[in-house]
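Heads up: the structure comes next, in structure tokens.
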């Protein structure tokens, strides 16, 4: 085991879970590297009361991990391990450390005593100082395959249809899939995307769809995200010849040409830039729907 491990990857792929399993395994009384979850050490770790486990985190009502927190950690490490064995430090969302806190951690990593192990997690690897990254074993956790996420969700009791939908749109993140399942506003936004952007077949359909979208500017980023997810899922289905990827799309998308779907994705990117530049939401949405209607009209000939 390296004395410092940095786990990076998209939110929800299991970085924190793995970090805690590794740390708990080092403290477990079974001593085979895999935490049993039953011994006294495992139970204390799970309750965050183990005296040789330290969890630096933002102070109450703070968003960042300040240098004072790291100094408290260093002070604790200056004393002998309470149980006489290894000590573990788990820093979740390590990108929240201020530059001063990261520099403070750097010195500790350089002079870490034997039997002390650090586990850091971060969504964005480049948010961690290069000097810290160079002293860690960096593990980049990959997105989960859709089939694995689907099985995991069904194992949690979700209906198979809902599990299949979530596995397509969560971008390989089990945590995101679970959050999406319990977020009714997501499903409402998804339904709105389907009633508007994905339902226009000709220019005359845009006016009615635009009425449904006129008060949605504050929700615009989410609608564009969902629209992109939908188009990417359809494109993936065509690339892998998985027909059921498109089975719940509007009928006029069944004959979609991949190159035209890519044009729609480019239009979504343009729409995002326009929104960031404060282009009117109505004009932006109508322009995007016009592009979609022009592309889908090719498949209806």
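The values are calculated or read from the model by the stated rules, or taken from the named source; none is laboratory data. None of these values were measured; they are calculated from a predicted model. Don't worry about glycine lacking a Cβ; one is built from the backbone with ideal geometry, like all the others, and counts go over all protein chains shown.
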Failed item, numbered, when residue 109 is tested on (1) touching a strand residue (DSSP E or B) at 6+ places or on another chain (Cβ under 7 Å); (2) under 30 Å from residue 178 (Cβ atoms); (3) in contact (Cβ under 8 Å) with a residue 60 or more places away in the chain: (2)
Over the range 93-125, the set of residues under 19 Å from residue 35 (Cβ atoms) and in a loop (DSSP other than H, G, I, E, B) is 115
Of (1) surrounded by 14 or more Cβ atoms within 10 Å (Cβ to Cβ); (2) closer than 13 Å to residue 8 by Cβ; (3) at pLDDT below 95; (4) touching a helix residue (DSSP H, G or I) at 6+ places or on another chain (Cβ under 8 Å), residue 143 fails just (4)
Could you grab me the full set of residues in the range 35-92 that are more than 19 Å from residue 20 (Cα to Cα) and assigned to a loop (DSSP other than H, G, I, E, B)? 59, 60, 61, 62, 63, 64, 66, 78, 79, 80, 82, 84
Could you tell me whether residue 217 is in contact with a helix residue (DSSP H, G or I) (Cβ under 7 Å, 6 or more places away or on another chain) and assigned by TED's automatic domain parsing to the domain that holds residue 291? yes
How many residues are under 22 Å from the mean Cα position of the chain (by Cα) and either over 16 Å from residue 140 (Cβ atoms) or part of a helix (DSSP H, G or I) (or both) if we restrict to the range 1-22? 8
Top-ranked residue in the range 85-137 [being farther than 20 Å from residue 48 by Cβ and over 29 Å from the mean Cα position of the chain (by Cα); ranked as surrounded by the fewest Cβ atoms within 10 Å (Cβ to Cβ)]: 114
When you look at residue 48, is it without any contact (Cβ under 8 Å) to a residue 12 or more places away in the chain and more than 18 Å from residue 101 (Cβ to Cβ), yes or no? yes
